[in-house]
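A short write-up of the structure that comes next.
The values are calculated or read from the model by the stated rules, or taken from the named source; none is laboratory data. Only a predicted model underlies this, so the values are computations on that prediction, with no experimental measurement involved. Note: ideal-geometry Cβ built from the backbone for every residue, glycine included; neighbour counts use all protein chains shown.
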Amino acid sequence: MSELSEPQVAARPSARRELAYAVLACLAGAGLALWAVTRTWTVQATGSALDEEGSGAGLLPWLPALALVGLAGGGAMLATGGWLRRGVGGLLALLGLAMAAGGGYGLVADLGDQVSRQWPALTLLGGLIAAAGGVLTALRGDRWPAMGARYERRSGQAVDSGGPIEGAGTRDAWEALDRGEDPTVR
């Protein structure tokens, strides 16, 4: 099979689909872990009533922070490209495994109270899903399409800092903003 050029790779529907799957896996996994870690994991029986206390976030305070970073990493996968995206994927894989480890700890730890097992299990599952999205990104992320060139600043052009913009085009207004000018002032 012949090598494809970068524009051809970016145009392949399977590459876009893989990117979407990886982003959704990271977002869904981190979101599930964040939701599950905020639920009540332990309950203490006092008489006939149950007093709820001991959320996963209270037991493992670092776990919600990891889940929030995982959510932010899902967005970072869209904004990066090439080797930087692969690095973000590796970081997300590690974060997902750490979230899964926190959920696994909640399942096997002797917390001394009556433990509700579904929330640590969902945290574990969410971490594994996020880790899978990170691994997919780390392995194949450099082959996926990046944001278009219209979002990048053009390099190698002289910066024109003179006067108000000429013409009423949208492109002129954006270029004026890039130069640090206010396009509304004429």
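Checking the condition surrounded by 18 or more Cβ atoms within 10 Å (Cβ to Cβ) and either at pLDDT below 90 or assigned to a helix (DSSP H, G or I) (or both), which residue from Ala45, Ala25 passes?
Values: Ala45 fails: surrounded by 18 or more Cβ atoms within 10 Å (Cβ to Cβ).
The match here is Ala25.
Contact list please: Cβ distance under 7 Å, first residue in region 115-133 and closer than 14 Å to Ala57 by Cα, second residue of a type in the set (Asp, Glu), pairs at least six apart or on different chains.
That search, which allows pairs on different chains as well, returns nothing.
Got a sec? Which of Arg186, Arg171, Arg85, Arg117 is at pLDDT below 95, basic (Lys, Arg), assigned by TED's automatic domain parsing to the domain that holds Ala22 and surrounded by fewer than 17 Cβ atoms within 10 Å (Cβ to Cβ)? If you could, list the steps in order and put the result at the bottom.
Numbers: Arg186 fails: assigned by TED's automatic domain parsing to the domain that holds Ala22; Arg171 fails: assigned by TED's automatic domain parsing to the domain that holds Ala22; Arg85 fails: surrounded by fewer than 17 Cβ atoms within 10 Å (Cβ to Cβ).
Selected residue: Arg117, the only one of Arg186, Arg171, Arg85, Arg117 that is at pLDDT below 95, basic (Lys, Arg), assigned by TED's automatic domain parsing to the domain that holds Ala22 and surrounded by fewer than 17 Cβ atoms within 10 Å (Cβ to Cβ).
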